[in-house]
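*Asks:* Sharing a structure with you now.
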Amino acid sequence: MAKTLFDKIWEKHVVKNIEGGPSVLYIDKHFIHEVTSPQAFKGLEQRGLPVFRPKQVVATADHNVPTLNQHLPIKEELSRIQVQTLKDNCEKFGIELYGLGHPFQGIVHIIGPELGITQPGMTIVCGDSHTSTHGAFGAIAFGIGTSEVEMVLATQCLMQSKPKLMRINVDGELNKGVVSKDIILYIISQISASGATGYFVEYAGSAIRSLSMEGRMTICNMSIEMGARGGMIAPDETTFNYMQGRLFAPKGEEWDKAAEYWKTLYSDADAVFDRELNIRAEDIEPMITYGTNPGMGIGISGHVPELNEVAEKASFEKSLHYMGLQPGEVLKGHKVDYVFIGSCTNARIEDLRMVASFVKGKKKADNVEVWVVPGSKQVEKQAVEEGIDRIFEEAGFMLRQPGCSACLGMNEDKIPAGKYCISTSNRNFEGRQGPNARTMLASPLTAAAAAVTGVVTDVREMLQEQ
Amino acid sequence: MSKNINIITSTVVPIHIENIDTDQIIPARFLKATSREGFGKNLFRDWRYQSNDENQPKEDFVLNNPTYSGRILVAAKNFGCGSSREHAAWAIKDYGFDVVVSSFFADIFKNNALNNFLLPVTVSDAFLDKIFTAVEEDHTTEVEVNLPEQYIKILSAGEQESFDINSYKKTCLLNGYDDIDYLLSMKKEIEQFELQK
């Protein structure tokens with residue numbers, strides 16, 4: 001029978017199907033971080049259990065770390081205790097930790113792929129909803145809660161019901177100035193912030209195939225923003241080229257054997273999906289969000305919907321009130337106070353290169369503060385080696401140290417109340433970047449353009465000038 | 001934390017807002033604890049208080065309105081979307097709710113709730129509207145959530161609807177079993193699976 005990519009991986013990991021219930025699913029790799037793991041370790045201790053397979057767990061500190069002066073002790077007491085607790089737990093339970101100061105430290109969804117830990121055909125979980133990122137390699141990867149973190153630590157398994165499957169095909173050529181972030185913001189704006197709840201999504205089509213691994217990770221990363229538990233893309237030569245030679249990727253004969261298996265990981269031609277969606281790449285323009293969920297996005301040349309264009313008026317009005325915007329308003333030309341380039345969505349080296357090549361020789365607008373937060377120590381190092389740090393310095397952009405930073409404002413990197421921030425992150429929820437902060441999600445390119453002009457800008461107009 | 005659920009009859013607290021994400025339920029800056037307790041006091045923190053100040057409650061927010069109370073939270077569709085933080089389920093449970101009713105739940109939130117004996121009940125849009133209307137008309141309206149029989153009933157109106165839950169999870173909730181208990185009982189099979197893999 002014809003199988004989907006998802007089916008092929010799922011079936012290989014089912015330990016047992018329970019009658020009338022979920023399946024017991026075996027997990028290959030488990031990433032943990034400081035925020036969603038302490039209660040899980042506490043649970044293990046209360047039950048007197050060890051970590052079942054510590055070698056299949058990798059830890060890093062990212063959500064709560066400062067992005068300046070990382071060599072100094074963390075000032076804020078609760079954050080310091082949380083990061084220390086992770087360190088203590090990793091020592092006690094024998095788990096590899098890439099903590100602060102380690103050359104591999106960084107955002108959990110950035111370091112997994114760049115170290116070659118993330119591989120096709122795997123089941124991967126983490127106590128973080130953006131675990132869907134790893135699906136870009138053709139893995140089943142999804143976010144879990146802390147009770148589930150405890151289950152995986154204790155047994156390397158989870159109880160999971162098989163989700164429905166959706167395929168989203170994006171075919172055609174992308175317009176100038178349109179990058180992978182715009183594709184995913186466009187998809188979410190089309191199917192809404194809940195449109196894929198209950199589904200796992202496979203992205204396919206020529207426009208997806210043409211993307212680099214970094215671009216594919218950006219797409220899979222935001223699957224959760226339309227409610228999908230995960231997103232995935234079948235591995236191909238782009239995937240193998242990215243992986244070859246990475247630290248934990250298989251080597252020599254083992255590589256050949258693994259690659260042979262990986263090449264079988266695709267949806268069969270006549271595989272059936274519960275839902276299928278077709279998108280024309282040509283229809284996508286640079287995107288920006290105006291509201292307080294990622295589904296509230298528009299093309300940069302468009303306008304905020306009119307009241308009569310929306311179904312749920314109360315939620316829409318609440319959202320616009322929070323954002324300080326009016327129905328029908330055009331965003332182009334709207335004042336911007338902050339630009340945040342970072343997060344597990346867009347803080348890879350390719351994102352930084354994209355921004356650097358655009359801003360080279362330009363300066364930021366006086367009214368804007370620009371933070372660039374690399375996704376990992378490795379990205380930071382590479383940026384310095386390539387001279388990207390100097391381009392940012394000359395442009396007046398502040399290059400900080402790796403972490404989740406202003407994506408969720410858990411550390412001190414918060415956007416002040418009432419201020420507008422163009423952000424390359426994944427969520428524009430109320431208060432996400434700080435109490436009463438106003439977030440507009442966009443691509444690194446659109447963010448860079450706003451940094452230079454100080455207002456919401458159609459980057460295509462600036463690309464024509466160049 | 002009560003470790004089983006059976007029949008719950010209570011007045012309800014209505015929040016008529018769609019797409020309530022877990023950042024609203026519990027903002028990230030309150031996720032720094034290393035234990036599961038005490039999150040209830042920061043439930044809906046930024047909707048509850050002005051300027052992050054506990055001495056300045058926002059009077060128009062339902063949790064600050066003494067008219068509404070109870071063990072059942074009712075919210076509009078796509079409840080619990082966004083971040084996977086289980087702290088959201090802990091905060092709702094810790095505040096004193098045992099049931100959340102909506103016409104649509106985000107997947108990760110639903111699992112987190114079930115793992116904490118907080119029952120997510122999915123009803124039709126029409127039935128959700130009936131609850132909102134009934135409570136709007138009379139805040140003392142009681143709702144019965146019956147897990148063994150799998151129905152939810154607006155007592156004054158006599159209106160009821162059945163809800164789905166998989167039989168494995170239902171048994172867990174009725175008896176206070178964890179998934180982890182089940183998985184631990186499977187250790188041998190898991191080790192066997194690893195050898196064959």
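*Asks:* Using a 10 angstrom cutoff on alpha carbons, build the Gaussian network for chain B and name the most mobile of B:Glu18, B:Glu144, B:Glu59.
*Replies:* Fluctuation is largest for B:Glu59.
*Asks:* What net charge is computed for the residues neighbouring A:Thr345, neighbours being all others with C-beta under 14 Å from the C-beta of A:Thr345, Lys and Arg scored +1, Asp and Glu -1?
*Replies:* So the environment of A:Thr345 carries a net charge of -2.
*Asks:* Another question, if that's okay. Under the rule of -39500 (n - 2.57) per DSSP H run of 4 or more residues, summed and divided by the residues of chain B, what mean residue ellipticity at 222 nm is obtained, to the nearest 500 deg cm²/dmol? Mind dumping the intermediate values first?
*Replies:* Details: 8 runs with 63 residues, N = 197.
-8500 deg cm²/dmol, from helical runs alone.
*Asks:* For the stretch B:7-165, how many pairs of lysine residues have a Cα-Cα distance under 26 Å, where the two are 8 or more positions apart or belong to different chains?
*Replies:* Taking the Cα cut-off of 26 Å, the pair count is 20.
*Asks:* Below 19 Å, Cα to Cα, which aspartates and glutamates can A:Lys16 reach? Residues fewer than 8 away in the same chain don't count.
*Replies:* List returned: A:Asp7, A:Asp28, A:Glu148, B:Asp178, B:Asp179, B:Asp181, B:Glu189, B:Glu191, B:Glu194.
*Asks:* Under a Cβ-Cβ cut-off of 15 Å, what is the net charge of the residues other than B:Gly70 that fall near it, where Lys and Arg count +1 and Asp and Glu count -1?
*Replies:* Computed value for this residue: -2.
*Asks:* Further question on the same structure: Roughly how crowded by other chains is peptide B:36-45, in terms of the mean Cβ count from those chains within 10 Å of each of its Cβ atoms?
*Replies:* Numbers: counts 7, 1, 0, 0, 0, 0, 0, 0, 0, 2.
That average works out to 1.
*Asks:* How many partner chain Cβ atoms sit within 10 Å of a residue's Cβ in peptide A:408-415, on average, as a whole number?
*Replies:* On the way: counts 7, 4, 6, 2, 1, 0, 2, 0.
Going residue by residue through A:408-415 and averaging, the value is 3.
*Asks:* Hey, with R₀ at 45 Å, roughly what FRET efficiency would A:Lys164 and A:Gln464 work out to, going by the Cβ-Cβ distance, to 0.05?
*Replies:* The calculated FRET efficiency here is 0.55.
*Asks:* Could you tell me the number of lysine pairs in the stretch A:221-363 with C-alpha atoms less than 29 Å from each other, where the two lysines are 8 or more residues apart or belong to different chains?
*Replies:* So the count works out to 11.
*Asks:* What is the local net charge at A:Ala269, summed over the other residues whose Cβ is closer than 15 Å to its Cβ (Lys, Arg +1; Asp, Glu -1)?
*Replies:* Counting the neighbours of A:Ala269, the net charge comes to -2.
*Asks:* In deg cm²/dmol, rounded to 500, what helix-only [θ] at 222 nm does chain A give when every DSSP H run of at least 4 residues adds -39500 (n - 2.57) and the total is split over its residues? Intermediate values should be presented prior to the final figure.
*Replies:* Working: 16 runs with 152 residues, N = 466.
So the helix-based figure for chain A works out to -9500 deg cm²/dmol.
*Asks:* Expressed as a fraction of 2.2 N^0.38 Å, the rule-of-thumb size for a compact globular protein of N residues, what is the C-alpha radius of gyration of the protein assembly as shown? Present the calculation step by step, with values, prior to reporting the outcome.
*Replies:* On the way: Rg = 23.8 Å, N = 663, 2.2 N^0.38 = 26.0 Å.
Normalised Cα radius of gyration, the protein assembly as shown: 0.91.
*Asks:* May I pose another question? Taking 8 Å as the Cα distance limit and 6 or more residues as the minimum spacing, I'd like the relative contact order of the stretch B:7-165 as a percentage.
*Replies:* 27 percent
*Asks:* Of the options A:Pro294, A:Gln39, A:Leu174, report the single residue whose Cα projects farthest towards the positive end of the charge dipole of chain A (beta-carbon charges: Lys, Arg +1; Asp, Glu -1).
*Replies:* A:Gln39
*Asks:* Using alpha-carbon positions, what is the distance between the centroids of the stretch B:145-197 and the stretch A:324-352, in Å?
*Replies:* Cα centroid of the stretch B:145-197 versus Cα centroid of the stretch A:324-352: 42 Å apart.
*Asks:* Shielding by partners for A:417-425, please: the mean number of other protein chain Cβ atoms within 10 Å of each residue's Cβ. Write down the numbers at each step before the final one.
*Replies:* Working: counts 2, 0, 0, 0, 0, 0, 0, 0, 0.
That average works out to 0.
*Asks:* Taking the simple approach of a point 7 Å from Cα along Cα-to-Cβ for both B:Tyr151 and B:Tyr177, what is their distance in nm?
*Replies:* Spacing of the two 7 Å Cα→Cβ label points: 2.7 nm.
*Asks:* How do the peptides A:244-252, A:192-200, A:52-60 rank, highest first, by the average count of neighbouring beta carbon atoms within 10 Å per residue?
*Replies:* Packing proxy ranking, top to bottom: A:192-200, A:52-60, A:244-252.
*Asks:* Counting only residues 5 or more places away or on other chains, whose amide H sits under 5 Å from the amide H of A:Asn436 once H atoms are built in the peptide plane?
*Replies:* A:Gly431
*Asks:* Give me the Kirkwood hydrodynamic radius of the stretch A:303-465, using the inverse of the mean 1/r over all pairs of distinct Cα atoms, in Å to one decimal.
*Replies:* Answer for the stretch A:303-465: a Kirkwood hydrodynamic radius of 16.1 Å.
*Asks:* Relative contact order (percent) for chain A, with alpha-carbon contacts under 8 angstrom and 6 or more residues of separation?
*Replies:* The value is 17 percent.
FYI, it's all coordinate maths here, none of it is from the lab. Not measured: the values here are computed from a predicted model. Don't worry about glycine lacking a Cβ; one is built from the backbone with ideal geometry, like all the others, and counts go over all protein chains shown.
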